[in-house]
Each structure stands twice: as structure tokens, then as C-alpha cells.
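The structure appears below as C-alpha cells.
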Amino acid sequence: MKKIILLFLITSFSYVQAQNPAKSNSSEIYESIQKLNFLGSVLYVAAHPDDENTRLISYFSNQVHARTAYLSLTRGDGGQNLIGPEIRELLGVIRTEELLAARKIDGGEQFFSCANDFGYSKTPKETLEIWNKKEVLSDVIRTIRKFQPDVIINRFDHRTPGSTHGHHTASAMLSVEAFDQAANKNIYPEQLENLETWQPKRLFFNTSWWFFGSKEKFKNADKSNYLSYDIGTYYPLKGISNSEIASLSRSQHKSQGFGNTSERGKSTEYIELIKGSYPESENIFEGINTTWSRVKGGNKIGKILKEVEENYDFENPSKSIPQLIAAYNLIKDLENDHWRELKTKEITEIIASCAGLYLEANTATEFATKNSNIEVNLEATNRSSVQIEFKKVSFSNLEVEINSTLKNNEPFYKGIATKIASSISYTNPYWLNQPSSLGMYTVNDSSLIGLPETPAPIQAKFTLNIEGESITFIRDLVYKTNDPVDGEVFEPLAVVPEVSVALENSTLIFKDNQPKQVKVKITAYRDHVEGSLSLTIPENWEVSPKNIPVQLDQKGVLKTFNFTLTPPENNDEAFINPVFKDKKDSFSKEVNMITYNHIPQQTVMLPAKTKVIKLNIQKKGNHIAYIQGAGDVVPESLRAIGYEVDVMEASEITAATLNNYDAIVIGIRAYNTKKELVYKQPLLFDYVENGGTMVVQYNKDRGLLTENLAPYPIQLSYDRVTNEFSKVKFLAKSHPVLNSPNNISQKDFEDWVQERGLYFPNKWSEEFTPILGMKDNGEKEDLKGSLLIANYGKGYYVYTGLSFFREFPAGVSGAYKLFANILSLGK
């Protein structure tokens, strides 16, 4: 082996521009060759983004060189968001991309099922009743048949239902069942049209002290059925340890606040054998053929690639290309479809990397519409002495002959005019294209099930002749621009409708019979948009005008149009939808853009709709200060019912400013995320003592920045009520919060979404009055900590774990009434 050049690759794990093309250095190429020579696979299974053990995924990918993947049954749609206001579907998109960013770092692949994260579940029985168990099991078996893992590792224990999140245990139970059924041709036989049955060899549970309750108990546990791994191993070629890679990977879960401090040195992970034969050594693949000889015709390939690995020249990787070409020719003729497809893709990219071959297809158009013309810019640069001929480039509806020699380090550029096909699909997460149920996403195209994201709408196929062999390289067509600060920026190209229609508010509340303006925003994604805009409304509502003519001359123009909506006499709830019609089509969807630095820009199309509510809601007080926490839409929701709301940072809190407000509301998880708020507590408590009302929304019991949440002792817990339909008992029927200025009844707790609330206090001082009692199915005693109110001096302190941050965007009228009563306390 030639002299190894030690490269410190920490910069390889920094993704300032999440969409930038990958460029492999010499050490990374060598590691790719090592993986090319390993024919073994590990599948890690759990329920949510952040459940995966990045330390083990990185270990098996980087130390063992196995093909390693994570199957997350959900996309985390039911969680909370620490970096912005997105929840539900949009949060699921963010967390999907965060998982993909994590896998880029730790070297794994990513899969999903169609299960919808409906929020916390206390038992797997409840989980599998809301999920369609048959469909989710089908997705797990489909992933096993597609990925063909030799080994499966579960994050959670299938034998302990009720001890953790129901989704967690359900993921392990489904994995165990799928392990036994994936090889049965009579189980989901429709999958076998494109896949084949598969039997994994071993199934493990990734145990730890956490599952035993303490480190001492785990230390004394019988580990005779365990394998252990030192996952702190150091990688000289990377200049970084496995644990450090895992920390960087884990830190991509930014929407969950999982920034992780790197660790160095020895660290042990344990896996317990659940099914299959126990290895006699720590080698998880013992007895499993992971060499090229496992496939027919593979011996010759293995011999060639072993020589490539042994003779690899770190200073000139292109010396390996002739042998890689020889192996490529043998791999693409393999009879085994699975390994032929995988290894052809791997070796193709290794050949490109060895040649320093840079291929790019970009456009200056960020958003394209069907039938529109775009300019595609091509670059092909060969940075080696290898003979390469650029023969042609093709798209779905276009093929262009090139026939140009790519000389060493002389870039080839060419511009091509093409047209976006009318048959192309709009850019959208595929699982959001159809209406979903509480527990499942609907995906009609089975070929998409399991994929982390929708494939790029347009791909460029570069056909090159390298050392006499024709090889095709595929690159996504991307949007490219130059940012004055960040420089070269790449983002996915989005194919969008000609117009986007959006309503300004997700909820519009009418307190009386007076009409309100409905603002509709229209964005043009092509030049010369002309048509009419209307509102689809229920029969008992009135709108004026019926139609508005619209003309948008230039692409990118956004205009707002106003309708006047008059409610009915009686209380009512309904949805309104904007519709734009031109001569050919009608459009009723909003194009949402999700933009964060750590993930590629995401384009999501969702139906444009607003819930309109005629509700006789009363309130006392008007001026509210909202101290922002982890991000939510509560301020906008309070404005919708007539409050004047000022959003403040904790740093802006002073005694003088607080005195201007009728109530102070603290945002969700503020005491988990805002350090400065801790130092403002005395000012807030003085405000209450002098007659103010302070409302604190839920915080997590773990990660609190202060125990001094209230002027009296209060202790948070993990208590929650996940059944949004659970019966609510009024424990303090005469308390003002249930009676003034609005009468609160059982009807006000109908139509709640996802949950009643979370992280309720379970201990509090006698100064607090518990207002509500509630419990989940099968629980003996009501939880009483969802809404606690205490008099302090002349004012009121309120702590609530009720999920107002979810109920307000969903337009739950009872939640609005109750919150108005809370803000009216003492007025």
C-alpha cells in the first residue's frame, strides 16, 4: 500500500450548504472501496426521528463497513418544534430532512413507513389501534425485503409494553413479527412482483442501563446473551472518533434541541440476541458470508477489488480506475438483482471520485412550472490523466449529443434549453399528496413507500466513455445561485403550479355578526397569470364579492385580495377555501417554503383553507405580553379573538414594561430554552403580586433551566393525557376560570386534536387549585395537574400543560374560550 496521507476530515461533517454536491477526498474514496468490498447489511429499527442510536449506526458503517440503515416508522410529525412555528405535516418534513442530514454524517441510509406520528401513546395496543397495523407491518416487511439486512437491531424492547412510549414498543413488536414473516411468500405476496422474500439471520435489542432503571442494576445484569462493542474507536483516516461522528450526527436533530457534545475515549454499547444464532465472537456477522463470494460470479470481482484496496494510491487514486472498470463490467452482469443494483451504483461513484470527475446540471430557475422553458447549465470536469469522452446527456424528454474529450483539469461547459414536461409531478413530499388519517399516510404508488423523500423531478444522465467503457452518471438538476454572504448556493429545483393561493389566517373567529375581511394571497410562478379568484364557503355564510378578477404580469409577483365574509346568526364552524381559475385549470393549494440552514430548502404543497368560527366569546383585558419560548402560533391565535399581543424576548422584561400589560403569557418550553428568562423570574413574580396575571404553558420535566417556575412549589412530571377524547372532570366548578366571562362546559372539550396535554405537574403546594381532572383509557385515577391556578398577592399565577399550542391552529373553539377566561382572571 502506498504512503497514506492523513487528512483531517472534520470539515467533511460541516454542512453549511445542505445541498452542495459531495466531493470525496482521497481517504473517503479509500473507505468507499472498503465498503464496496463488504457485502453485509444492518438495519436499525425504531419509531421516530431521534430514536436511532447514531453511535451504533456510525460504528457499523465506518468501522465494520457494512451497509447500515435506519428504519424510522414515523417522521416525527406529532412532536414539538424548537426552531420555528412548523408543526404536524411541515414538522414531519423538517425532521425527515434532519434524519437525512444525520445519515450523511454517520454514513447510514434512511427508510420510513407510512405510519403517522399522532403524538404520545401510552401503550402499543393503543398505537396499533390508531395505526393500521397491517399496513405498517407491510411497510416493515417491504423494507426488509428491499434492504435485505443480514442483521436487524431494535432500539426498544418488544417484551415491555407500557414501560415507554407506545410507538417505541410497537416498533419493536412489528420488527420481531416482520423478522419471522419477511421470508414467507404468502405474506404480502403483492410485494413479490418487484421484490423477493428475505430472511435476516439475527435480531437484536440495543439494550442499555436506561432500560434497567439504573446503572447499578445494569452492571449486575446477566449479559451472557449480549454482544458488546467499543464504539469510541478512533479513525486516523478521518481524524475523528466514532463517538464524535455520532455526536455530530445526533446534533442534526435541531428541531428537537438535540445538540450533542462530542465525547472521546472508550464507550460500550450492548445488543441482546432476540432471534437467530448467537455468534461465538463479537463479530455480529459471524457465520454470514460478507465477501463477494456470497453472489454467483463474485469471486473474480472480489479478487480484483481486493487488489484495488491493497494497491490504492492515496496520492493518485486514478491509478485504480482500470481495475475498477474491469470490476464494473463484471458487476453490471451479475445475476443477483439486489447486489448488482447496489454495487453498480457504488462503483460508478467510486470511479468518478478516483478521476476527480465533477458533473453538475444546474439552472438559475428556482421554481419551474409545467410546459415552461428553462436553461440548463452543464459542467463536466475531469481532474485526472484518465481518458474520458463526454458522449451525451439526457433528460426525461431530451437527449443531447456532446462528443467532447474531457482533458485533465479543463472544464467543459454547455447551456441547453429544455422544456418542463406536462406529465411531470409537482414537487411535494409524496406522503402528503393524498389526505391522511389520524394514524396513516396514504401512498398510492408502492414504489415510493419507504423512501425518505420524493426523488428529484428532473435528473440529468451523463454518459461518458472512460478508458473505453461507457458509464452513465446520474445527477439531480438543481437550482444554483450566488449569495453575497454564503457564496455558491445549491437548492433543490421545485416544479410548482402556475399560482399558489394562500389564506392569511389558519383560523378566523367571529365574536358577533359583524363581517370580517378575508385576505387571500396569490403568488405567480409564471408570467402573465390571468383569471378569477373566489371563495368556497358554506351555505349559511355570505361572501362579497363573489369573484375577483386577477392579473399578475410577472413571475414572482405576490398580491393580496380582500373578500368580506359575513357569519350566520348562530354559532357555527366551517372551512373556507380559495380557488383561482384561469382558462384551463383551477388552483387551490398553497406552496409553502421551509428554509433552514441545516437542511435543503423544502417545497410543500398543502390545501389552502381557513377554519371560520362564529363564536360568542367574551374577554376581559386586552393588552397581552407574550414571552416567546420554543416557537408556536399562540400570539397570532390570541390576536384572532381580539387581543392586542406584543411578542417579547426575555431580555426585554423590565418592571416598567410589565406594568403595561393585562396579562403575561410564557410560550411553550420557555424554561427549557430561554436562559435569560430564569433571571427575570423575580420581576415576573412581582408583577403577579401587584395584581397581574401570569400564564405559563407547558415545559418538559427534563432539561429545566430552573426549578423556580412559580412563586410556590410546583414539580413537573411526565404525566400526560394522550387521548384527545378523554372525559374531562371539573374539579373546581365554581372557580372563575370555568365561569367568567365565558361559561365552560363539556362541549368545550370536544374536537380537541392529538392530545389533551402533556408534562403536567404531579406535585404542588396547597396554594394551587387544580381545575380539571382527566385520564387516559385504562388508568384508575384522574390526573389533576393540567390546569393549576394560585392567588399570589393581588394577582393570579397559572400553570397549564393543556395543549393550547395545538388546539388554536386547529380552531378548537372551546380552547379559545378557556384561554380567554384564564387571561380574564382578576379583571
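The values are calculated or read from the model by the stated rules, or taken from the named source; none is laboratory data. Model, not experiment: these values are computed from the prediction. Neighbour counts run over all protein chains shown; Cβ positions are idealised from the backbone, glycine included.
Brief remarks follow.
- Considering residues of the stretch 511-536 that are in contact with a Lys or Arg (Cβ under 7 Å, 6 or more places away or on another chain) and surrounded by fewer than 18 Cβ atoms within 10 Å (Cβ to Cβ) only, the residue farthest from P741 (Cα to Cα): D527
- Taking (1) crowded, with 17+ Cβ neighbours inside 10 Å; (2) at pLDDT 90 or above in turn, D230 satisfies each apart from (1).
- Answer residue from the stretch 438-476, given it is closer than 26 Å to E89 by Cβ and in contact with a Leu (Cβ under 6 Å, 6 or more places away or on another chain) and is surrounded by the fewest Cβ atoms within 10 Å (Cβ to Cβ) among those: P452
- Of all residues in the stretch 712-743 being among the hydrophobic types (A, V, I, L, M, F, W, C) and without any contact (Cβ under 8 Å) to a residue 60 or more places away in the chain, the one that is farthest from F768 (Cα to Cα): F725
- Filter result for L684 (part of a helix (DSSP H, G or I) and modelled with pLDDT of 95 or more): yes
- Candidates A502, A494 - the one that is surrounded by 13 or more Cβ atoms within 10 Å (Cβ to Cβ) and more than 30 Å from K345 (Cβ to Cβ): A502
- Counted residues, the stretch 197-218 - those being under 24 Å from G40 (Cβ atoms) and without any contact (Cβ under 8 Å) to a residue 60 or more places away in the chain: 3
- Against the test of being of a type in the set (A, V, I, L, M), in a strand (DSSP E or B) and at negative phi, the options L606, L638 yield a single qualifying residue, L606.
- Here W431 clears all of (1) surrounded by fewer than 18 Cβ atoms within 10 Å (Cβ to Cβ); (2) under 30 Å from L137 (Cβ atoms) except the condition numbered (1).
- For the stretch 320-338, residues that are within 16 Å of I33 (Cβ to Cβ) and touching a residue at least 24 places away in the same chain (Cβ under 8 Å) total 9.
- Scanning the stretch 393-411 for residues that are assigned to a strand (DSSP E or B) and surrounded by fewer than 16 Cβ atoms within 10 Å (Cβ to Cβ) turns up S394, L398, E399, V400, E401, N403, S404, T405, N408.
- Of the helices (runs of 4 or more DSSP H) lying entirely inside the stretch 84-182, those carrying at least 3 residues that are touching a residue at least 12 places away in the same chain (Cβ under 8 Å), in the same structural domain as W198 (by TED's automatic domain parsing) and crowded, with 24+ Cβ neighbours inside 10 Å are 89-106, 133-147, 166-181.
- Restricting attention to the stretch 277-302, the residues that are over 30 Å from I245 (Cα atoms) and not polar (S, T, N, Q) total 7.
This table checks each residue for (1) basic (K, R); (2) in the same structural domain as D150 (by TED's automatic domain parsing); (3) over 30 Å from I331 (Cβ atoms).
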| site | (1), (2), (3) |
| --- | --- |
| E269 | no, yes, yes |
| P279 | no, yes, no |
| N283 | no, yes, no |
| E286 | no, yes, no |
| I301 | no, no, no |
| I304 | no, no, no |
| E309 | no, no, no |
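- Options D632, D662, D686; residue that is over 18 Å from T769 (Cα atoms), without any contact (Cβ under 8 Å) to a residue 60 or more places away in the chain and not hydrophobic (A, V, I, L, M, F, W, C): D686
- Restricting attention to the stretch 197-251, the residues being in a helix (DSSP H, G or I) and aromatic (F, W, Y) number 5.
- Residue count for the stretch 195-210 under the criterion of being over 30 Å from S446 (Cα atoms) and modelled with pLDDT of 85 or more: the result is 3.
- The single residue among Q746, Q697 that is touching a residue at least 40 places away in the same chain (Cβ under 8 Å) and either of a type outside the set (D, E, K, R) or not assigned by TED's automatic domain parsing to the domain that holds F760 (or both) turns out to be Q697.
- Residue match in the stretch 752-775 (condition: acidic (D, E), touching a helix residue (DSSP H, G or I) at 6+ places or on another chain (Cβ under 9 Å), crowded, with 23+ Cβ neighbours inside 10 Å and under 19 Å from S726 (Cα atoms)): yes
- Exactly one residue among T68, T54, T74 is under 13 Å from the mean Cα position of the chain (by Cα), at pLDDT 95 or above, among the polar types (S, T, N, Q) and buried (at least 22 other Cβ atoms within 10 Å of the Cβ), and that residue is T74.
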